[in-house]
Amino acid sequence: MDKIPAHIIGQTISTNESEAFSLFKKSQFGQPVGQKIHYTLSEALYLTEKNKIQVLQKNKILNFNELLNKLKKIDSRIQLKYPVFKDLREKGYIVKTALKFGADFRVYPKGVKVGQKDKHSKWVVFCEHESNKFSWHEFSAKNRVAHSTKKKLLIAILDEEGDVSYYEVGWIRT
């Protein structure tokens, strides 16, 4: 399969290629918006790394590192978030943005088709670096976000070697 051409315009990476709609139906990459598929920054990086898409800016193809450098200007946390996205996707989970929840990602169980009736994300994910400290107040705020959205909190910790560890937090009813 040839790489699907996608264009970066401002902060949006999208394509109207039919192959992109097929990839969405098969693997849940991107989000249909009108006659286009829009990719999150992490999705675009992942699909570029996997040679599924090629991102163009003003008709210039961006390689992975060029794309990463461009995306760092849009999202200063992309180098923290992308390894988490990649790790979860490679474990078979469907990973979508959680911007409206104030979190980094929503994660759906393996095999779920996002948007199907009664199919909701299982976790809301916050990405942190192992050298970062956050207070109990910040932890509590993250936990409240998860609880208010009826999801489990998943804290993803990226270490110096690029490995990700996960800590799931849930409420206990007494």
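The values are calculated or read from the model by the stated rules, or taken from the named source; none is laboratory data. Because the structure is predicted, anything quoted here is derived from the model rather than measured. Cβ sites come from the backbone with ideal geometry, for glycine too, and all protein chains shown count toward neighbours. The area values use the complete protein model at the heavy-atom level, side chains included, leaving out ligands, DNA and RNA. Shrake-Rupley method; radii C 1.70, N 1.55, O 1.52, S 1.80 Å.
Within region 101-128, the set of residues being among the β-branched types (Val, Ile, Thr) and modelled with pLDDT under 90 comprises Val112, Val114.
Looking only at residues of region 101-110 that are open to solvent by less than 70 Å² (accessible area, probe 1.4 Å) and out of contact with any strand residue (DSSP E or B) (no Cβ under 7 Å at 6 or more places or on another chain), we find that the one that is farthest from Lys50 (Cα to Cα) is Gly102.
Residues that are among the polar types (S, T, N, Q) and modelled with pLDDT of 90 or more within region 140-170 comprise just one, Ser165. The single residue among His129, His120 that is within 18 Å of the chain's Cα centre (by Cα) and over 30 Å from Lys26 (Cα atoms) turns out to be His129. Scanning region 75-88 turns up no residue that is at positive phi and not hydroxyl-bearing (Ser, Thr, Tyr). All of Thr48, Thr12 fail the test of being closer than 20 Å to Phe85 by Cβ, of a type outside the set (A, V, I, L, M) and crowded, with 17+ Cβ neighbours inside 10 Å, apart from Thr48.
Say whether the condition of being within 30 Å of Glu130 (Cα to Cα), open to solvent by 20 Å² or more (accessible area, probe 1.4 Å), free of Cβ contacts under 8 Å to residues at least 12 places away in the same chain and outside any loop (DSSP other than H, G, I, E, B) is met by at least one residue in region 17-38. Taking every residue of region 17-38 in turn, none turns out to be within 30 Å of Glu130 (Cα to Cα), open to solvent by 20 Å² or more (accessible area, probe 1.4 Å), free of Cβ contacts under 8 Å to residues at least 12 places away in the same chain and outside any loop (DSSP other than H, G, I, E, B).
Cβ-Cβ distances below 8 Å connect the following pairs, each with a first residue in region 140-168 that is closer than 13 Å to Phe126 by Cβ and open to solvent by 30 Å² or more (accessible area, probe 1.4 Å), a second residue that is outside any strand (DSSP E or B) and of a type in the set (S, T, N, Q), and a separation of six or more residues or different chains: Lys151/Ser121. Selection within region 127-139: residues that are charged (D, E, K, R) and free of Cβ contacts under 8 Å to residues at least 12 places away in the same chain. The member of this set that is most open to solvent (accessible area, probe 1.4 Å) is Lys133. For region 73-100, which positions are of a type outside the set (Lys, Arg), over 23 Å from Ser148 (Cα atoms), open to solvent by 70 Å² or more (accessible area, probe 1.4 Å) and not in a loop (DSSP other than H, G, I, E, B)? Listed by number, the residues that qualify are Gln79, Glu90.
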